[in-house]
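The values are calculated or read from the model by the stated rules, or taken from the named source; none is laboratory data. Nothing here was measured: the structure is a model prediction, and the numbers come from that model. Here Cβ is always computed from backbone atoms with ideal geometry, including for glycine, and neighbour counts include all displayed protein chains.
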Amino acid sequence: YNACPFLFQGEVLGYYYKQNPYGKEKEFLSKGTDIFMMNHPVTKSVWSCLICYDVLLPGIFGKLQKANFIAIPTNSPRRKESEQDRQNRDKEIYVQGAKESQAMLFKCCSVGQVGRDWPRKCIPGLKKAPRLQGRSLIASQDKVLWKAKHIDWTGISILNTKTKEITTYEWISDNVL
């Protein structure tokens, strides 16, 4: 499974399992089947989750109407598109999703570059690891309330303190798919 654990003070309160595996993920990941709802132990607010491509399942946000907040971790490749196209997509998916669910949405998107092996296994024909969107946002029923600014990771080096290996992110292209 591709799973998202919900933690509070070091305790696992539950897991959400991705329901809509993308591309070749279907070959090696099991599909989740259940909607996840969790009551926060202190605030009593109701949290739910979708993972990445799950947001494109028809009617999925309508099934989450009991949630106050929906966390959406993603690992999406960056597309070549205009800022206006990105804003339109955010409205179509996330603002509309907030309307359907009547919840606040928190999209948490990875930054940098995907590992060397994962993308070639999941995306047919991909020769190099794509840059990631890094476009985290918070959406309400009316609009995108906040979005992360894009960071160009080209030339940035990161030291893995366990393995002592250095990864330097390279410019590939906005048009990787």
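Numerical summary
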| item | result |
| --- | --- |
| Condition met for ILE156 (hydrophobic (A, V, I, L, M, F, W, C), over 30 Å from LYS66 (Cα atoms) and either out of contact with any Phe, Trp or Tyr (no Cβ under 8 Å at 6 or more places or on another chain) or at pLDDT 90 or above (or both)) | no |
| Index of the failed condition, VAL12 passing every other in (1) in a loop (DSSP other than H, G, I, E, B); (2) surrounded by fewer than 15 Cβ atoms within 10 Å (Cβ to Cβ); (3) β-branched (Val, Ile, Thr) | (1) |
| Flag for ALA67 being within 20 Å of ASP142 (Cα to Cα) and either of a type in the set (Lys, Arg) or part of a loop (DSSP other than H, G, I, E, B) (or both) | yes |
| Matching residues, segment 74-104, being over 16 Å from TRP146 (Cα atoms), outside any helix (DSSP H, G or I) and at pLDDT 95 or above | GLN102 |
